[in-house]
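> Would you mind keeping the following structure in view while I ask a few things?
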Amino acid sequence: MSNIIDTIREKVANYLLQRQLKKQPHKAEIYNLQTAQNAGILFDAENLDNLKVVKNLVKELQDFNIKSSVLGYINKAKREDNYIGDQQYSYACKKDFSFFYKPKKEAINNFIAEPFHLLIVLVDRHLFPIDYIGSLSKAHFKAGKTDVNNQMFDFMIELENGVGIEALKKHILHYLSIINNK
């Protein structure tokens, strides 16, 4: 029964999201690792191994003098105590969103409003709150995995199913290092 409700909930939320996106269309500006000054990283924080990948990504971006802000989504009703945010890392869970996935938490809205040069979405499965945040993000250039939400991204990496976000991170960094900026 709850699966039917979740399906209807997501369809209505997607409709509301599409209406909001029409009001604020996204125009991509190409940034690479040499030209970007800041990056937003959005990831599935339910798996603690993903946090290790993200921390490595933040270090690698620092080598290019790129400041990073990280938002992890935990697909549970409440956060556990081992997810503590700071100035650079924030975490969100189901309770931080309304019934139709509109963010209620200030940190989420701030992440969406930040005009990052790069938005790197490290997820390998569909999570509607991540789609919502990534789609509405004011980031100039959005990168992620195909088949997650192809409309959201300006740059997509195609990987086989079951390949983790470590491989996705590696490919995104590789291609962002060779993309030409005009």
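The values are calculated or read from the model by the stated rules, or taken from the named source; none is laboratory data. Please read these numbers as outputs of a predicted model, since none were measured by experiment. Neighbour counts are summed over all protein chains in view; Cβ atoms, including those assigned to glycine, are modelled from backbone coordinates with ideal geometry.
> Given the structure, is residue 45 surrounded by 15 or more Cβ atoms within 10 Å (Cβ to Cβ), farther than 21 Å from residue 138 by Cα and hydrophobic (A, V, I, L, M, F, W, C)?
yes
> Now for a different question. Take the residues in the range 37-59 that are among the charged types (D, E, K, R), in contact with a strand residue (DSSP E or B) (Cβ under 9 Å, 6 or more places away or on another chain) and not in a strand (DSSP E or B); name whichever of them is modelled with the highest pLDDT. Spell out the reasoning first.
Going through the range 37-59, the residues among the charged types (D, E, K, R) turn out to be 44, 46, 49, 52, 55, 59.
From the residues that got through so far, the ones that are in contact with a strand residue (DSSP E or B) (Cβ under 9 Å, 6 or more places away or on another chain) too are 44, 46, 55.
Subset that is not in a strand (DSSP E or B): 46, 55.
On the way: 46: 87, 55: 94.
Checked the range 37-59; the qualifying residue modelled with the highest pLDDT is 55.
> Go through (1) touching a Leu at 6+ places or on another chain (Cβ under 8 Å); (2) assigned to a loop (DSSP other than H, G, I, E, B); (3) modelled with pLDDT of 90 or more and name the single condition residue 34 misses.
Result: residue 34 fails condition (1) only.
> Of the residues that sit in the range 114-130 and are surrounded by fewer than 24 Cβ atoms within 10 Å (Cβ to Cβ) and in contact (Cβ under 8 Å) with a residue 40 or more places away in the chain, which one is nearest to residue 65 (Cα to Cα)?
Among them, the one singled out is 117.
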